[in-house]
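**Q** One structure coming up, written as structure tokens, with questions to follow.
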Amino acid sequence: MNRLSARLPRCLPAHLPVCLVAAALTLAGCQRRPDDVPVVVSVINEPAGNASRGRVGPTAALLGATAQGLVRFDANGRIEPGLAARWTVIEDGKSYIFRLADAEWANGTEVTARQVVTALRRAVRRGGRNRLRPFVSAIEEIVEMTPTVIEVRLSTPRPDMLMLFAQPEMAIFESRRLGGSGPFRVQSRGPDGILLRPAFDPSRLAESEFEEPDPAEYIRLRAERAATAIARFGARQSDLVAGGTYRDWPLLEHSTVAPTNRKVDFAYGLFGLSVVSRSGFLATAANREAVAMALDRRALTAAFLPNWPIAESLLPEQFDSGRPPAQPGWATADLAARRDAATLRVQQWRRDNDDPAPTLRIALPDSPGGTLIWAHVGASLAAVGIRPERVSARDAADLRLIDRLAPYDSGRWYLVTACQPCAADVARIILAARDAPDLLTRRLRIAEADAALAADVAFIPIARPIRWSLVALRLREWRENARAAHPLNHLRGNPT
């Protein structure tokens, strides 16, 4: 259990999620929260053993609040200055030069370029603890040019690296003693969560002019189960619930939270079935394609949200590929024609193997949303003669549901994430894209790998990832965006 979740209040029984959501029914008459008190934020916390890289959890939220990278995200998911006041990208993306802003660590000492260089090197070397490790491997050297300027040198061009520098894994800590540089500081920790206060900005005020922040500028951060967080928001005891995914959506649907407070990000990333076993029925690309053709994506997404966009190609946009996203050959056929073709392949496999029906194990999380996904995926496979079997998210499986946000806009992230595993020749093309000596060659290799992976059917797209939040009207600056990035320093805006 992490430190944040260990401090949760026990007043609401987390083992009764339906009752917790229903509790909001009797509390919906409470008055709207005032605008002159700290903003209370509930970040949805995964149960032990059920964590997902697809969810922005309490640890990442706390890290993003108390530390920052060279750059960070604003309310719209765009890049804004963090520790760096400004930057220049030269040599087609092989060199990034950052001029640091005036900043302080949590203990009040000045941030120096040498400290930032040391912290960045440590973040890049973090290995398995850093999900960005495969995508920052091009960083060749990080050097201090002057006491206020650093340079990040790359072995190959990467014009899209700024978004990686904005991710929580690249947040800069000098040490546990000095902490991060904001935009918040930890004021206190207690049964009601962690109280965060705005960090002093030495570039705006002299120390003698510093005044205590208004109470409304403080943040009280909690880590809670989804049902508890929804019930608390319905009772007007919080202003924001963050980190919701498809797993929890059915709980929200059974709550009394007003539609105006429900916000959904249709985010960049991958949501679909990873082919993790290539034996039996899934040994051939044709049979893996049969699974892709069998899925009724529109019925599945409509069971959650009527406007949830489906996905049939790996890349949602062209990004840095040399061609538009590779489309499967069946994309223009209707569902009936797709299922007819899939059924014929299943029947052929049964004849060749003298088997009444192929069985596929599908790994899904133990959650209300996972059960809803299972109902539709299982029905789709059964419709073409496949026997589906549900297994837990950590069990051995043939297909595993993947729900991950893209940290930056590169086709290579989608290819690497989807190739788990894929054919050896496809993996070689993806590696060639990483090592491309120039941007033109990189674009061509990414396009080639996209087409090859689509033909290999290593991943079966279903939809865009969804992330939901509950947002009080007082949080005027909160914005939906395709990054699902909602920094805590961009919530209230200027009171009217």
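The values are calculated or read from the model by the stated rules, or taken from the named source; none is laboratory data. Everything numeric in this text was worked out from a predicted model, so none of it was measured. Cβ: placed from backbone, ideal geometry, glycine included. Neighbour counts: every protein chain shown. For the accessible areas, the whole protein counts, side chains as well, though only heavy atoms, and no ligand, DNA or RNA atoms are used. Shrake-Rupley method; radii C 1.70, N 1.55, O 1.52, S 1.80 Å.
**Q** Ranked highest first by average number of other Cβ atoms within 10 Å, how do 64-75, 360-371, 102-113 line up? Provide the component values of the computation, followed by the final result.
**A** On the way: 64-75: 23.7, 360-371: 20.2, 102-113: 16.4.
Per-residue mean Cβ counts within 10 Å order the peptides as 64-75, 360-371, 102-113.
**Q** Over region 345-481, what percent of the accessible surface lies on carbon and sulfur atoms, probe 1.4 Å? Walk me through the intermediate numbers first.
**A** Details: 2710 of 5390 Å².
Carbon and sulfur: 50 percent of the exposed surface of region 345-481.
**Q** Once you sort the root eigenvalues of the Cα gyration tensor of the chain as a ≥ b ≥ c, which label holds: rounded (a/c under 1.5), prolate (a/b larger than b/c) or oblate (the other case)? Intermediate values should be presented prior to the final figure.
**A** Values: a/c = 2.35, a/b = 1.29, b/c = 1.82.
Note, shape of the chain comes out oblate.
**Q** Between ASN107 and VAL149, 0.36 nm times their residue separation minus their Cα-Cα distance comes to what? All intermediate terms of the calculation are to be shown ahead of the outcome.
**A** Values: separation 42, 0.36 × 42 = 15.12 nm, distance 2.23 nm.
Using 0.36 nm per residue and subtracting the Cα-Cα distance, I get 12.9 nm.
**Q** Treating the angle as unsigned and between 0 and 90°, give the value, to the nearest 10°, between the Cα long axis of helix 439-456 and the longest Cα principal axis of the chain.
**A** The helix 439-456 is inclined about 40 degrees to the chain.
**Q** Output wanted: per-residue J couplings in Hz (rounded whole) for region 475-486, from phi through Karplus 6.51 cos²θ - 1.76 cosθ + 1.60, θ = phi - 60°, x for Gly and Pro.
**A** Result, rounded to whole Hz: 8, 6, 9, 5, 9, 5, 7, 6, 8, 6, 9, 9.
**Q** To test your reading of the geometry: what angle, between 0 and 90 degrees and rounded to tens, separates the Cα axis of helix 335-353 from the longest principal axis of the chain?
**A** For 335-353 against the chain, the angle is about 60 degrees.
**Q** Just order 254-262, 183-191 by mean Cβ neighbour count inside 10 Å, highest at the front, would you? Display every interim value, and only then the final one.
**A** Numbers: 254-262: 14.2, 183-191: 15.8.
The packing order, highest mean first, is 183-191, 254-262.
**Q** While we're here: So, with +1 on the Cβ of K and R and -1 on the Cβ of D and E, and no other charges, what is the size of the charge dipole of the chain about its Cα centre, to the nearest 20 debye?
**A** Values: 65 positive and 54 negative charges, 204 e Å.
Using only the charged Cβ atoms, the result is roughly 980 debye.
**Q** Right, something else. Can you give the accessible area of ASP425 in Å² (nearest 10), computed on protein heavy atoms with a 1.4 Å probe?
**A** We get 80 Å² for ASP425.
**Q** To continue, here is another question. Checking the a/c ratio against 1.5 first, then a/b against b/c, what shape does the Cα gyration tensor give for region 247-305? Intermediate values should be presented prior to the final figure.
**A** Details: a/c = 3.19, a/b = 2.89, b/c = 1.11.
It comes out prolate by the Cα gyration axes.
**Q** Taking 7 Å along the Cα-to-C-beta vector as the label spot, tell me the ASN76-THR118 distance in nanometres, rounded to one decimal.
**A** 3.8
**Q** Which Cα, out of LEU405, THR256, ALA357, lies furthest along the positive dipole direction of the chain (beta carbon charges, K/R +1, D/E -1)?
**A** The one lying farthest along the dipole's positive direction is ALA357.
**Q** If each of ASN307 and ASP214 carries a label point 7 Å out from its Cα toward its Cβ, how far apart are those two points in nm?
**A** 3.2
**Q** Sticking with this one: Mind giving me the nanometre distance, one decimal, between the label points for ASP334 and SER392, set 7 Å out from Cα along Cα→Cβ?
**A** About 4.3 nm separates the two model spin labels.
**Q** Nearest 0.05, what FRET efficiency do ALA432 and GLU141 give at R0 = 22 Å with Cβ-Cβ as r?
**A** Plugging the Cβ-Cβ distance into 1/(1 + (r/R0)^6) gives 0.40.
**Q** Something else: Which far-off residues, 5 or more places away or on another chain, put their amide H under 5 Å from the one on GLY69, with H placed in the peptide plane?
**A** Placed amide hydrogens put LEU83, ILE172 under 5 Å from GLY69.
**Q** Give me a comma-separated list of calculated 3J(HN,Hα) values for region 285-292, in order, Karplus coefficients 6.51, -1.76, 1.60 applied at θ = phi - 60°, integers in Hz, x for any Gly or Pro.
**A** 4, 4, 6, 5, 5, 4, 4, 4
**Q** Here's another thing I want to ask about it. Rounded, prolate or oblate: which fits region 361-439 when a ≥ b ≥ c are the square roots of the eigenvalues of the alpha-carbon gyration tensor, with rounded for a/c under 1.5 and prolate only if a/b beats b/c? Kindly include the intermediate steps, with their values, before the conclusion.
**A** Numbers: a/c = 2.92, a/b = 2.11, b/c = 1.38.
Because a/c hits 1.5 or more and a/b exceeds b/c, region 361-439 counts as prolate.
**Q** Right, something else. Please find the FRET efficiency linking ARG351 to ALA383, where r is the Cβ-Cβ separation and R0 is fixed at 22 Å, and quote it to the nearest 0.05.
**A** Numbers: r = 19 Å, r/R0 = 0.88.
After rounding to 0.05, the efficiency reads 0.70.
**Q** Same structure again: Which FRET efficiency value, to the nearest 0.05, is calculated for SER188 and ALA286 with the Förster distance at 56 angstrom and r the Cβ-Cβ distance?
**A** Rounded to the nearest 0.05, the efficiency is 0.40.
**Q** Moving on. Want the number for THR256 to ASP92: 0.36 nm per residue separation, take away the alpha-carbon distance, what's left?
**A** Working: separation 164, 0.36 × 164 = 59.04 nm, distance 5.16 nm.
Full extension from THR256 to ASP92 adds 53.9 nm.
**Q** Could you give the length gained on full extension between ARG125 and ASP35, defined as 0.36 nm per residue of separation minus the Cα-Cα distance, in nm? Present the calculation step by step, with values, prior to reporting the outcome.
**A** Values: separation 90, 0.36 × 90 = 32.40 nm, distance 4.32 nm.
Additional length available on full extension: 28.1 nm.
**Q** Ranking request for peptides 140-147, 401-408: highest mean number of other beta-carbon atoms within 10 Å first, then the rest in descending order. Spell out each step's value before the answer.
**A** Values: 140-147: 12.9, 401-408: 22.1.
Most protected by this proxy first, the peptides run 401-408, 140-147.
**Q** I need the phi-derived Karplus couplings for region 401-417: 6.51 cos²θ - 1.76 cosθ + 1.60, θ = phi - 60°, integer Hz, Gly and Pro marked x.
**A** Here the 3J(HN,Hα) series is 6, 10, 9, 9, 8, 7, x, 7, 8, 9, x, 5, 4, 4, 5, 5, 5 Hz.
**Q** For the chain, what does the accessible surface come to per residue with a 1.4 Å probe? Please give it in Å². Please list the in-between numbers first.
**A** Numbers: 21710 Å² over 496 residues.
With the other protein chains kept in place, the chain gives 44 Å² per residue.
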